[in-house]
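First comes the structure, then the notes that go with it.
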Amino acid sequence: QVQLVESGGGSVQAGGALRLSCAASTSIFSITLMGWYRQAPGKQRELVALIISRGSINYADSVKGRFTISRDNAKNTVYLQMNSLKPEDTGIYYCKMVRSGLPYWGQGTQVTVSS
């Protein structure tokens, strides 16, 4: 079992920045996939950024060049640095990790970007 706790959400104006953190209750060294997803009101949850165990990183086209995903194995934490935020980035951001084929989700953190 893996518990994930997100933090770092908040309200910012367009053009601002936030850094989200996702702390895992266990070592992330062997985690095969770590990612951030978001869900805007009335929309489906969508992938924002992903790190796969061999180090490859993928971003949604809408955030490329603005968001950066990273991991700190020593702190069992994955981060999402979000720069140049836009109102369309508003939503609940969820952390997801996959270990031994099982997915684990955090409770989500709200990000609100005003114009």
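The values are calculated or read from the model by the stated rules, or taken from the named source; none is laboratory data. Since this is a predicted model, take the numbers as computed values, not measurements. Cβ coordinates were reconstructed from backbone atoms using ideal geometry, including for glycine residues, and neighbour counts include every protein chain displayed. For the accessible areas, the whole protein counts, side chains as well, though only heavy atoms, and no ligand, DNA or RNA atoms are used. Shrake-Rupley method; radii C 1.70, N 1.55, O 1.52, S 1.80 Å.
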What is the percent carbon and sulfur in the accessible area of the chain, measuring with a 1.4 Å probe over the protein chains and ignoring ligands? 49 percent
At 7 Å along the Cα-to-beta-carbon direction for both Gln13 and Ala40, put a label point, then send me their distance in nm to one decimal. 2.2 nm
Where only protein heavy atoms count, and the probe is 1.4 Å, what is the accessible area per residue for the range 1-111 in Å²? 52 Å²
Cut-off 14 Å (backbone N to label point 7 Å along Cα→Cβ of Ser115), residues of the range 27-58: none
Approximate spin-label separation Thr32-Leu47, in nm, with each point projected 7 Å along Cα-to-Cβ: 1.5 nm
Give me the extension gain from Ser25 to Trp105: residue separation times 0.36 nm, minus the current Cα-Cα distance, reported in nm with one decimal. 27.6 nm
With N residues in the range 1-70, what two-decimal value do you get for its Cα radius of gyration over 2.2 N^0.38 Å? 1.20
Using a cut-off of 25 Å between alpha-carbon atoms, which lysines can reach Lys86, once sequence neighbours fewer than 8 places away in the same chain are excluded? Lys43, Lys64, Lys96
In the range 1-78, which trypsin sites (Lys or Arg not before Pro) are in a loop and have at most 13 other Cβ atoms within 10 Å, using DSSP for the loop call? Lys43, Arg54, Lys64
Between Ile57 and Val5, take the C-beta separation as r, use R0 = 25 Å, and let me know the FRET efficiency to the nearest 0.05. 0.65
